[in-house]
1. How do the pairs read when you match residues in the range 30-49 that are not assigned by TED's automatic domain parsing to the domain that holds residue 13 and surrounded by fewer than 10 Cβ atoms within 10 Å (Cβ to Cβ) with residues anywhere that are polar (S, T, N, Q) and in a loop (DSSP other than H, G, I, E, B), using Cβ under 6 Å and keeping only pairs 6 or more apart or on different chains?
2. Can you confirm whether the range 16-24 contains a residue that is under 26 Å from the mean Cα position of the chain (by Cα) and in a loop (DSSP other than H, G, I, E, B)?
3. Quick check on residue 61: is it modelled with pLDDT of 70 or more and surrounded by 10 or more Cβ atoms within 10 Å (Cβ to Cβ)?
Amino acid sequence: MKLTKGSVVRYIVLILALINQWLADKGLSPIPVDEETISTIITTVVGLYVAYKDNPVTKEGKQANDELKELKYQKKLPTTGKAPSDFDADKDGQI
């Protein structure tokens with residue numbers, strides 16, 4: 001099993017959260033963060049993730065977005081309302 005960068009980051013965050021919870025349960029000083037800091041971190045991480053996922057920032061992402069737009073455009077094109085038949089095929093048998 002090969003871990004991705006995202007998986008490694010999620011495991012690290014989970015481990016830190018579990019350590020913090022364990023320390024708090026034992027009455028020891030947990031990792032010093034307040035609610036405002038946690039809220040700011042979560043909002044920032046979620047905002048950056050959503051911005052990255054919803055916007056094509058890589059060459060492959062831009063290409064996929066262009067292909068998606070083309071497929072949506074083709075779907076909107078008017079049709080004849082008839083099913084294709086063998087008479088509509090060209091000489092190579094393609095419709």
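1. Taking only residues 6 or more apart or on different chains, not a single pair turns up.
2. no
3. Numbers: modelled with pLDDT of 70 or more: yes; surrounded by 10 or more Cβ atoms within 10 Å (Cβ to Cβ): yes.
Yes: the conditions hold for residue 61.
The values are calculated or read from the model by the stated rules, or taken from the named source; none is laboratory data. No experiment lies behind these values; they were computed from the predicted model shown. Because the Cβ atoms are built from the backbone with ideal geometry, glycine has one as well, and the counts that use them run over all protein chains shown.
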